[in-house]
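Okay, structure first, notes after.
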Amino acid sequence: MARMRVVARTRPALARAANPQSAKEPEALPWILFDTQAWTTAVTTTQTYFTAVQNDKTLGNMEGPGQLPDPQYFEIHYIGCDFLLQEQFQAAAAATGPITDILQFLFAQRGIWTFNISNKRVGPFPLSFLHASGGVMGYVATNSATTGKFEFANNGIFDGGFCVGGAILISPKVSFDITLQLAAAPTLNTSPLNVRVWMAGSLYRRVL
């Protein structure tokens with residue numbers, strides 16, 4: 001269950017929160033920055049995220065390529081990774097499908113990720129630490145008379161991803177990106193496969 005603080009506040013405190021004393025002071029909002037890149041089977045080994053503005057806003061929400069506009073600041077609390085896989089039905093039982101695609105990234109090709117800001121690196125770390133933001137919850141069973149199977153998969157448990165805890169702050173007009181790198185190009189059942197990297201945290205921006 002999602003948690004939230006319920007605190008009794010005085011009317012003056014509520015008035016101060018609703019009406020900023022100065023337009024120079026920023027507002028703080030819970031925010032998610034995300035970007036999506038396509039991986040092609042037997043071809044792609046590295047992708048860099050957040051370096052471009054996506055025309056399709058379902059793929060990313062950066063306002064500028066590789067940096068935040070002035071006067072925005074972003075305090076990172078969690079980083080995660082989603083594999084945008086569809087469910088698959090296979091007529092014959094075989095070790096292929098969404099599960100094996102994710103395993104290619106996490107273990108077969110030993111995926112790593114690195115956060116880069118102002119030419120300083122955080123990482124590389126194993127990609128398996130970047131869990132999914134959410135996904136389908138369901139159950140599928142097959143009749144014993146058939147060898148077919150129905151399969152879907154998500155990247156790890158939905159625990160919020162890799163916890164940064166606010167230790168990384170992105171300042172305005174400062175270059176940053178996240179790079180995913182594999183040991184070799186993966187063999188994918190879904191190709192191209194869209195892989196989304198996201199960062200959840202606090203966005204500080206102009207009030208007025």
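Lys24: net charge of surrounding residues, Cβ under 15 Å, Lys/Arg +1, Asp/Glu -1, itself excluded?
Net charge in that neighbourhood comes out at -1.
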Legend entry - Sum of side-chain charges, Leu85 neighbourhood, beta-carbon under 14 Å (Lys, Arg +1; Asp, Glu -1): -3
Inset, instruction - Give the Debye-formula value of log10 I(q)/I(0) at each listed q (0.10, 0.11, 0.17 Å⁻¹), with one equal scatterer per alpha carbon of the chain, two decimals each. - result: -0.53, -0.62, -1.19
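Give, in nm to one decimal, the length gained when the segment between Ser118 and Cys163 is fully stretched (0.36 nm per residue of separation minus the Cα-Cα distance). Mind dumping the intermediate values first?
Numbers: separation 45, 0.36 × 45 = 16.20 nm, distance 2.10 nm.
Once the chain is fully extended between Ser118 and Cys163, it gains 14.1 nm.
Every number here is computed from the coordinates shown, using simple stated rules; none is lab data. Quantities reported herein were computed from a predicted structural model and do not represent experimental measurements. Backbone-built Cβ (ideal geometry, glycine too); neighbour counts: all protein chains shown.
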